[in-house]
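Undergrad: Dropping a structure here in structure tokens format, bear with me for questions.
The values are calculated or read from the model by the stated rules, or taken from the named source; none is laboratory data. All figures in this text were calculated on a predicted structure; none of them were measured in a lab. Positions of Cβ are generated from backbone atoms using ideal geometry, with glycine treated the same way; all protein chains shown enter the neighbour counts.
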């Protein structure tokens, strides 16, 4: 109770001290803002004169500001001299001009509220990759570490979906890191073991074939017999995942069958539905006891049932000396 009465006494003291310094209108405004009490008789006596002088100086009311009694609040009788009611959408500013206070009312535009709109955009599925119309070589080669799909002929590094069901690509058949279709040559650069490997892929072209592959002797610093330096295996295909995300046909690296006679493709013992090609693993080795240098041989690929199906693949292998 003491704190409440003390705060009121301090407030009254502030009002009394202010009366000695501030004008009468300012004292009345402070009292009205703090306690909202009825103003004194002195302030009520001076109000009509102040209202008349203010009305004469302001002139006729502007058309843009609503000042009709009907539009003003009902409780504006106490604060009308010191506070101005401003309609919605109108901003009011007060500035001091030569000791007097002038009220300036500025009308501002209220931005229109736009209704929420929902835009539905139709996104068409991507167009399928166009089929490469370049002629495909009947026989082409790839590095030994590649995986060639027996159905599409695409490489596994192109992606699992592209490998299994994508349109057939031709770029890697025309040229890659070891193969060039222009001169039909495979170039191998083995290490100190002098062993080079690559894949030789034969296209079936929509029919069954009996493939025969023969190798010539190696020609270089010395002539080396092909029986001792060239080995050819056919790849064995299995269907499964093997840790990959797409179920498809894959070559089994641990199952290699030595090619000793012509092979019927697709093989009766390893049939692949929709098979379009057959891959072979070729291994060329230069013995360590012979001179280093570049050795060349030729692989002859023939279809015994189709004499027109005949392709020759040149192989160049560079053997380095021991310690290089």
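Undergrad: Confirm whether residue 190 is farther than 22 Å from residue 266 by Cα and surrounded by 16 or more Cβ atoms within 10 Å (Cβ to Cβ).
TA: Judged against the criteria, residue 190 is a match.
Undergrad: Hey, residue 294 hits all of (1) in a strand (DSSP E or B); (2) under 21 Å from residue 140 (Cα atoms); (3) at pLDDT 90 or above but one; which does it fall short on?
TA: The one condition residue 294 does not meet is (2).
Undergrad: Still on this model: Within segment 162-187, restricting attention to residues that are touching a helix residue (DSSP H, G or I) at 6+ places or on another chain (Cβ under 8 Å) and in contact (Cβ under 8 Å) with a residue 40 or more places away in the chain, which residue is nearest to residue 138 (Cα to Cα)?
TA: Taking the candidates together, the pick is 181.
Undergrad: Consider residue 181 carefully, then state whether it is modelled with pLDDT under 95, out of contact with any strand residue (DSSP E or B) (no Cβ under 9 Å at 6 or more places or on another chain), under 22 Å from residue 152 (Cβ atoms) and surrounded by 14 or more Cβ atoms within 10 Å (Cβ to Cβ).
TA: no
Undergrad: Which of the residues belonging to segment 150-174 are out of contact with any strand residue (DSSP E or B) (no Cβ under 7 Å at 6 or more places or on another chain) and assigned to a loop (DSSP other than H, G, I, E, B)?
TA: Those that are out of contact with any strand residue (DSSP E or B) (no Cβ under 7 Å at 6 or more places or on another chain) and assigned to a loop (DSSP other than H, G, I, E, B): 152, 154, 159, 166, 167, 168, 169, 170.
Undergrad: Give segment 262-295 a look and list any residue that's within 13 Å of residue 215 (Cα to Cα) and surrounded by fewer than 17 Cβ atoms within 10 Å (Cβ to Cβ), or say none.
TA: 283
Undergrad: Might you check whether a residue that is in contact with a strand residue (DSSP E or B) (Cβ under 7 Å, 6 or more places away or on another chain), part of a strand (DSSP E or B) and either at pLDDT 80 or above or over 24 Å from residue 239 (Cβ atoms) (or both) occurs anywhere in segment 128-136?
TA: The answer is no, given that none of the residues of segment 128-136 is in contact with a strand residue (DSSP E or B) (Cβ under 7 Å, 6 or more places away or on another chain), part of a strand (DSSP E or B) and either at pLDDT 80 or above or over 24 Å from residue 239 (Cβ atoms) (or both).
Undergrad: Give the residues of segment 297-311 that are touching a residue at least 12 places away in the same chain (Cβ under 8 Å) and exposed (fewer than 14 other Cβ atoms within 10 Å of the Cβ), sorted by residue number.
TA: Correct list: 300, 304, 305, 306.
Undergrad: Additional query: Can you go through 146, 177 and tell me which one is farther than 24 Å from residue 239 by Cα and part of a loop (DSSP other than H, G, I, E, B)?
TA: Within the list 146, 177, the selection yields 177.
Undergrad: Answer yes or no as to whether residue 195 is surrounded by fewer than 17 Cβ atoms within 10 Å (Cβ to Cβ), closer than 14 Å to residue 296 by Cα and touching a strand residue (DSSP E or B) at 6+ places or on another chain (Cβ under 8 Å).
TA: For residue 195, the condition - surrounded by fewer than 17 Cβ atoms within 10 Å (Cβ to Cβ), closer than 14 Å to residue 296 by Cα and touching a strand residue (DSSP E or B) at 6+ places or on another chain (Cβ under 8 Å) - is met.
Undergrad: Let me ask another. Pairs under 9 Å by beta carbon, first residue over 14 Å from residue 189 (Cα atoms) in segment 313-324, partner at pLDDT below 90 and surrounded by 17 or more Cβ atoms within 10 Å (Cβ to Cβ), six or more apart or different chains?
TA: Close Cβ pairs (under 9 Å, with a partner that is at pLDDT below 90 and surrounded by 17 or more Cβ atoms within 10 Å (Cβ to Cβ)) do not exist here.
Undergrad: Are there any strands (runs of 3 or more DSSP E) wholly within segment 184-280 with 3 or more residues that are closer than 18 Å to residue 168 by Cβ, under 47 Å from the mean Cα position of the chain (by Cα) and at pLDDT 95 or above, and if so which?
TA: Answer list for segment 184-280: 195-203.
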